[in-house]
Structure formats: C-alpha cells, structure tokens
1. Of these, Val40, Val75, Val70, which one is within 11 Å of the chain's Cα centre (by Cα) and loosely packed, with under 15 Cβ neighbours inside 10 Å?
2. Could you go through the stretch 40-52 and let me know if any residue there is modelled with pLDDT under 80 and either assigned to a strand (DSSP E or B) or within 15 Å of Val91 (Cα to Cα) (or both).
3. Limited to the stretch 54-82, what total is found for residues that are at pLDDT below 90 and outside any loop (DSSP other than H, G, I, E, B)?
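The values are calculated or read from the model by the stated rules, or taken from the named source; none is laboratory data. All figures in this text were calculated on a predicted structure; none of them were measured in a lab. Quick reminder, even Gly has a Cβ in these numbers, built from the backbone with ideal geometry, and neighbours come from all protein chains shown.
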Amino acid sequence: MDDRRKHPRFSAVELKATWIGSERESVIARDVSAEGICLVSSRAITTGSQIRVRLVLDFGQNRLSEPVEVEYRIVWCTKIKDQFQIGAAAVNLDERTQSQLATILHCMVRDVAQDGTEKLRFRTRH
C-alpha cells in the first residue's frame with residue numbers, strides 16, 4: 001500500500017489522551033504524527049468539529065511527560081464494534097505547541113522486528 005503521508009506515524013501505546021471541553025474523557029491514541037492523530041473513543045464525534053486533546057507520555061514508574069494540549073479538526077469517524085476510531089488533523093498549531101509535540105514525537109521510536117511486527121520503544125540517551 002502506498003503511504004503518502006507527509007509525516008511518520010508512531011504507535012502511541014504509551015501515550016495518554018484526554019478530550020478537553022465541557023467534560024473530560026480518556027481516549028486511546030492509536031497513532032500520532034506532527035500533523036494528526038488517530039483516536040479510539042466510546043462515542044462518535046461529528047466530522048468537521050474541533051476538539052482539544054491533552055497528550056501525555058507515560059514513561060512508567062509514575063513518570064509522565066509534561067502535558068501538551070493540541071487542537072484537532074475531526075476528518076473522519078468510523079464505528080468499529082462498540083467503539084469509534086477517529087482521525088483528526090492538528091489545527092492552529094503555534095510554535096510552542098509544535099515544539100512540545102515534536103519533543104513527544106522525538107521520544108518515540110518505532111522498532112521493526114525481523115518478523116515484521118512493529119513495537120514502540122522510547123528513545124534512550126547514550
């Protein structure tokens with residue numbers, strides 16, 4: 001399959017995401033890039049609407065990254081079994097938010113095993 005995305009996607013296994021608005025809801029971030037995110041939620045959201053999402057990396061042992069709040073425009077929403085998979089594009093990114101998001105993405109590395117499976121790991125300093 002030809003992937004024409006401008007930015008690499010990173011599996012977001014250790015990324016915590018929360019809707020921010022009149023009510024908060026924890027959602028699953030399936031993958032994330034510099035310009036978009038794929039979320040899984042228990043509720044649908046209307047295509048074209050805008051949401052704010054708080055992203056936090058969970059390093060384990062009660063260590064979390066600083067939260068980054070990103071505004072997204074919903075591009076698509078698909079029902080999968082009893083949940084909804086939601087694709088969203090980042091909007092109104094100022095330089096500070098772009099820098100914070102780049103820092104989170106820099107911490108994430110995709111490893112591909114010999115059997116072709118992908119696994120997320122955190123970049124470590126040498």
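1. Val40 is the lone residue from the list that is within 11 Å of the chain's Cα centre (by Cα) and loosely packed, with under 15 Cβ neighbours inside 10 Å.
2. No, every residue in the stretch 40-52 fails to be modelled with pLDDT under 80 and either assigned to a strand (DSSP E or B) or within 15 Å of Val91 (Cα to Cα) (or both).
3. Residues that pass the stated criteria total 11.
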